Amino acid sequence: MATHAPTSTTKSGPRHARPSGSSRFSGFSRLSGGGRPHIPLHVVAVPVTLGIVYGVWAPFIQRHGDPLNALQITLGVVSGLAVALLVFILLRLPTTLATEVRAGAFGVVAGMSVGFLYSLSYASVLRSSGIGLVVGAVTAIAAFYYFHTREP
């Protein structure tokens, strides 16, 4: 009379255990492109989100309560695509690049973006440039601090 439950005679372990090295989504590996490099989700989601917000915000600043027209829609699409592309390129910059150069690039993109948005409100060129320079400098300093303290 056996007092214990029968054990499996195979060496693979219990039926519910996965073989080592496989993942739950191993069947999808051929759908993900196989040998292509993996791009993290935030590298795509952040530029798309910023591009959409920027592309919607720009024409609404310029219209000043008037109805939306085709030129303002074009302005929104082009400026949103430009910001999304620049941010995507910035996030794909290699970490081997000098910290100062990367931080400066983030500052330049942020300063140009904010300066351009401010210029759409019919402000003077000098004032728009000044605001863009201040925002760019602050962003470059913050990005330098972030990169310098978080990277090896």
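Quick note: the coordinates plus some simple rules give every number you see, no bench work behind them. Because the structure is predicted, anything quoted here is derived from the model rather than measured. For neighbour counting, all protein chains shown are included, and Cβ atoms are generated from backbone atoms with ideal geometry for every residue, glycine included.
Observations on the model:
- The gain in end-to-end length when the LEU91 to ILE141 segment is fully stretched comes to 16.3 nm, 0.36 nm per residue minus the alpha carbon separation.
- q = 0.10, 0.17, 0.21 Å⁻¹, the range 36-152: log10 I(q)/I(0) [Debye, one scatterer per Cα]: -0.35, -0.90, -1.18
- Mean projected area of the Cα convex hull of the range 58-119, taken over all directions, amounts to 4.3 nm².
- Spin-label pair ARG127/VAL44, simplified geometry with 7 Å Cα→Cβ offset, distance in nm: 4.2 nm
- Integer Hz, Karplus 6.51/-1.76/1.60 couplings in order for the range 37-53, x for Gly and Pro: x, 7, 9, x, 4, 5, 6, 9, 5, 5, x, 5, 5, 5, x, 5, 4
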